[in-house]
Every structure is written in C-alpha cells, then in structure tokens.
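In what follows, a structure is listed as structure tokens, so that the remarks can point back to it.
Bear in mind these aren't lab numbers, they're just calculated from the coordinates by the rules spelled out. What you are looking at is a predicted structure, and each value in this text was computed from that prediction instead of being measured. Quick reminder, even Gly has a Cβ in these numbers, built from the backbone with ideal geometry, and neighbours come from all protein chains shown.
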Amino acid sequence: MIEESRTIAAIATAPGRGAVAIVRVSGPDAFAVAERLTGAPPQPGRIALRTLSLDGAILDRCVVLAFASPRSYTGEDVVEFQCHGGSVAPRRILEACFSAGARLARRGEFTERAFLNGRMDLSEAEGVIELVDAKTDRAADDAISRQGGSAAKAYRGLYDKVLRLSSTLEHALDVDESDLPPSFLDDAASEAAAAKDGIEHALARAHEGRILRDGALVVLAGPPNAGKSSLMNALLGTSRAIVSATPGTTRDSIEEWLDIGGWPVRLVDTAGLRGTSDDIEAEGVRRAEALIANADVVLALDCEIDGALRVHSKCDMVREPGALNVSSVTGEGLADLKAALVERLTSLSAAFDEDSPTPSAREKSLLAEARSALSGPMDDIVLAANSVRSAADALARLVGATYSEDLLDSIFSRFCVGK
Ligand SMILES: Nc1nc2c(ncn2[C@@H]2O[C@H](COP(=O)(O)OP(=O)(O)OP(=O)(O)O)[C@@H](O)[C@H]2O)c(=O)[nH]1
Ligand SMILES: [Mg+2]
C-alpha cells in the first residue's frame, strides 16, 4: 500500500532515435522531484526551459511542464520533462527521478491512477489503449469517441436504469405485497424489458467493434491456379506470396494487414481447394476450409462459396459474367473489388454512429451477462429482484462502479509503461 502511494516515473515516448522524448512523473512528490532536478519549484500552467542536473552533473536542457492536482492526466501532481530523444538523455533523466525518490511506473499505471482518481472511467481508459493500438482511421475514430465518454455515457445510462429498478424491487421485498400497486410486477417486467433492449442495441455493435480492433478476416479462396496469390500481392502492392504456374503452389495460409477504406483487414491467401494425395497440400486445404468457415468475407475466385463475393481473376485474358472481374497483371478491377469489400464490411456492421459505441470484449461479456440476467423470471417479486440484482451487478462491473484488482490488472497491463 505504501508502495502504491509513491511517486512514479517513466519514459512516455517510444524507445529509439527521435527528436524529443518525454519523461513523465506523477504523484505527491512529483514537484519535489522536479525541484531537485531543476533547482526551482515547477510552476503549473507555465512552460519553462530548464537545465536538468543531478549532484552537479548536467543531464539535458528540457522543456518542463507541470500540472497541479487534480487538473492533470492522473489527477495527481504531474511533471513532464521534454528532453532530447535517443536512448541516453531520457534514461539518465529517468534515473535521476529515481534518485530523487520516484519509482518506475508499471504498465498503464498513469492511466490506472487516472481511473482510480475519477479522471476517467473504464470505457474511456480502454479508449486510450485502443487509440494507441488503432491501425486505421476508422478504428482511431471509434477509440476517440470512447475517450470522449460516449461508451461511458451509454453504459452509465443502462446501469442507472437497472440500478433504479433493482432498488425498487429490493424495497418491495420489505413491504407487504398487498401494499404494492396491482400493476407492480408488470411495470417492473416492462422496465426490465426496456433495459434489455438497450443492452441488445449495445451488443449489436460488438461485431463492428471486433472488426475495428482485430481486423476483418478476408479470405482468398478457390481452386489451384485461380490467381489467389497474385491477387493477394496485387492488393498489398508487394510480392508477398509465391506465384507460379504450377497448381498447388500455396500450402501454408499467408496473412497480411491491409487498410481498405479505413477498415483494418487481415487478408489471407490460402491453398488451392482440391482433393490431393499430398499430405502437406491436404493439410493446407484443411486450413483453407477452416479459414473460409471463420471469414468475415470470402473472396471466391472461380468457384461458388455461400455468401462469398465471386471474383474472376485474369480478366486481361478472359472475362466472366456475374463475377467481379480483376486482373492482377494490369490492375484492372482492383478499385471495384476494394469498393465491393468496403460495402460488405460496412453492411456487416451497423452504420458508424458516435452515440452508440462499439463494446470491447470485456464490455461485451458483461453486457451479455446482464442480458441473460434480465431474461430471468419476472413473475414473482423475489425472483424478479434476483434477476435484476444480477444484471445490476454485471453493469456495475461494466462501468467500473465495482471492480477488482484482477480486472484493473487485466486492462492496464495491456498499456505501455509511461501511459
Ligand atoms: N494473365 C494473368 N495471369 C495471372 C493473373 N493472376 C495470376 N496469373 C497467373 O496464374 C498463375 C497462377 O497464379 P497464382 O497466383 O500462383 O495462383 P493461386 O491461385 O495462388 O494458385 P495456388 O497457390 O496453386 O492455389 C501464375 O502463372 C500467374 O502468373 C492475372 O490477373 N492475369
Ligand atoms: Mg497461391
């Protein structure tokens, strides 16, 4: 516990060569640490250029920013030293902070403190990590909307509703049933149903959330020699996969990241689908089939697969009516193929809507828990109170009204040190 209250420090910028690096300090002694290094107390709200030194040895000349509690990222006193980049200056300043009494921050500890000090809720904190991890503009926009508190507001609204209903039911348990209005249970059931609708609505966005965070799985499938690997290379703009006129060239599935119209896509090239006596190729075909089964979108080259986009490659040689005709050699049709993919991915998810955030995996499982609790029996006060109490518990964990150490660890350990 004493450990927890101490002042923390970390390098907040990525390691390596760069113009500027930031060393961040937060906690009750942050200003004392800064004073020890600069020789003067830091002035919140003022930007100062200072020479940092420790025991007479000059470390660097830095821009020093100070934020007084509670108006800082963590809610504590915070000082940031913007020093020269590279590996030496930030490391020496960090070590000087340790000498002055700070300790190294754990992963995500700055943001964890921001949560514990009420500066942001868990959905907003998850938005921070999602923005850092975002691979495309669309994913970043979703993360920014979370940090703006859209998810927090939506989930808080659901939680408040269910909590109110729960306390009404708990209260009803204490009074004589004959004192309750005759419609009491019906009213409670319809309020529970309304809350459940709100949860369904939030869950409907989970699919899009998964695509934004993990990428949509787009699988190139079809018979050997259809031109799958060539199309993979054409879409990536590099010769990633081996291409040859020999059927059965690709065996292992080959996966690459791609940004298609703002959607993060995991594009996978697979082994050509055919019966074969070659063990290795047969394993490739099995993997291809598993990928097709799990795909968000299948690009079926020269074959029919349920729900897939039909594509015909090599349209520089022959065209095929009824399919998206593309050529990996001339580039013809590639823009149309990308447009068709974007249309598919957009239709897979609800329209992008800032008021209705996409739940994270953690939020999704708690929303599902609340939904199933609200599906419980409502035709008796004791049962209804139980159902709604469990739903309120799940939503309390969702908004962070109640939380465990383990939960915080699991969220904040995904952060970098210094965030
Ligand atoms: N003219 C033309 N030839 C193509 C095109 N795409 C692929 N090819 C040729 O078709 C042959 C097979 O291409 P691949 O991309 O290796 O086909 P694949 O579907 O990956 O084949 P497997 O890995 O064996 O399943 C190669 O000789 C390519 O050069 C195209 O758009 N136009
Ligand atoms: Mg291939």
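Some observations on this one:
- Charge dipole of segment 88-203 (Cα centre as origin; +1 on each Lys and Arg Cβ, -1 on each Asp and Glu Cβ, all else neutral): 1280 debye, rounded to the nearest 20.
- Charge context of residue 231, other residues only, Cβ under 10 angstrom, K/R +1, D/E -1: +1
- For the chain: lysine pairs under 24 Å (alpha-carbon distance), excluding those fewer than 8 apart on one chain: 13
- For segment 2-120, a simple Cβ point-charge model (Lys and Arg +1, Asp and Glu -1, everything else neutral) yields a dipole of about 320 debye relative to the Cα centre.
- Dipole size of the chain about its Cα centre, with +1 on Lys/Arg Cβ and -1 on Asp/Glu Cβ: approximately 2040 debye, rounded to the nearest 20.
- Modelled spin labels at residue 55 and residue 40, positioned 7 Å past Cα toward Cβ, are 2.6 nm from each other.
- Per-residue ellipticity at 222 nm computed for the chain from its helices equals -14500 deg cm²/dmol, with DSSP H segments shorter than 4 residues left out and the rest contributing -39,500 (n - 2.57).
- For segment 188-196, Karplus couplings with θ = phi - 60° (6.51, -1.76, 1.60), whole Hz, Gly/Pro x: 4, 5, 6, 5, 5, 5, 5, 5, 4
- Using a Förster distance of 60 Å, the FRET efficiency for residue 173-residue 137 (Cβ separation, nearest 0.05): 0.70
- With neighbours defined as other Cβ atoms within 10 Å of a residue's Cβ, the residues 415, 81 order from fewest to most as 415, 81.
- Length gained when the stretch residue 414-residue 343 is fully extended (0.36 nm per residue, less Cα-Cα span): 22.3 nm
- If the chain linking residue 304 and residue 259 were pulled fully straight, counting 0.36 nm for each residue of separation and taking away their Cα-Cα distance, it would gain 13.6 nm.
- For the chain, share of DSSP beta bridges that run antiparallel, in % to the nearest 5: 65
- Each of 380, 141 has some number of other Cβ atoms within 10 Å of its Cβ, and from fewest to most they run 380, 141.
- Rounded to whole Hz, the Karplus (6.51, -1.76, 1.60) HN-Hα couplings of segment 208-215, x for glycine and proline: 4, x, 4, 5, 5, 7, 9, x
- If you plug the beta carbon distance of residue 362 and residue 246 into 1/(1 + (r/R0)^6) with R0 = 45 Å, you get a FRET efficiency near 0.45.
- Residues whose amide H comes within less than 5 Å of that of residue 20, counting only those at least five positions distant or on another chain, are 85 (H built at 1.01 Å from N in the peptide plane).
- Taken one residue at a time, the phi angles of segment 130-135 give Karplus couplings (6.51, -1.76, 1.60, θ = phi - 60°) of 5, 5, 5, 8, 4, 9 Hz. Gly and Pro are set to x.
- Considering only 132, 41, 265, and ranking their Cα positions along the charge dipole of the chain that arises from unit charges at the beta-carbon of Lys, Arg, Asp and Glu, the one farthest toward the positive end is 41.
- Label-to-label distance, residue 87 versus residue 68, with points set 7 angstrom from Cα along the beta-carbon direction: 4.1 nm.
- Panel order for 159, 403, by other beta carbons found within 10 Å of each beta carbon, from fewest to most: 403, 159.
- Rg over Rh [alpha-carbon atoms, Kirkwood Rh] for segment 172-302: 1.39
- Stretching residue 282 away from residue 48 to a fully extended chain increases their span by 77.6 nm, per 0.36 nm per residue minus the current alpha-carbon distance.
- Neighbourhood charge, 10 Å Cβ-Cβ cut-off, centred on residue 314 and excluding it, Lys, Arg +1 and Asp, Glu -1: -2
- Estimated D of the chain in µm² per second, where Rh is the Kirkwood radius over Cα pairs and Stokes-Einstein applies at 10 °C, 1.306 mPa s: 62
- Semi-axes of the equivalent ellipsoid for segment 310-419, computed as √(5λ) from the eigenvalues of its C-alpha gyration tensor and ordered from largest down, come to 48, 22, 10 Å.
- Where labels lie 7 Å past Cα in the beta-carbon direction, separation of residue 103 and residue 186 in nm: 6.1
- Counting charges near residue 65 (Lys, Arg +1; Asp, Glu -1) among other residues having Cβ under 9 Å from its Cβ returns a value of 0.
- Placed amide H near residue 325: partners under 5 Å, 5+ positions off or other chain: 312
- Sorted from greatest to least, the principal axis extents spanned by the alpha carbons of segment 34-173 come out as 71, 39, 26 Å.
- Each pair of Cα atoms in segment 68-108 enters the Kirkwood radius, and Stokes-Einstein at 4 °C and 1.567 mPa s then converts it into a translational diffusion coefficient of 111 µm²/s.
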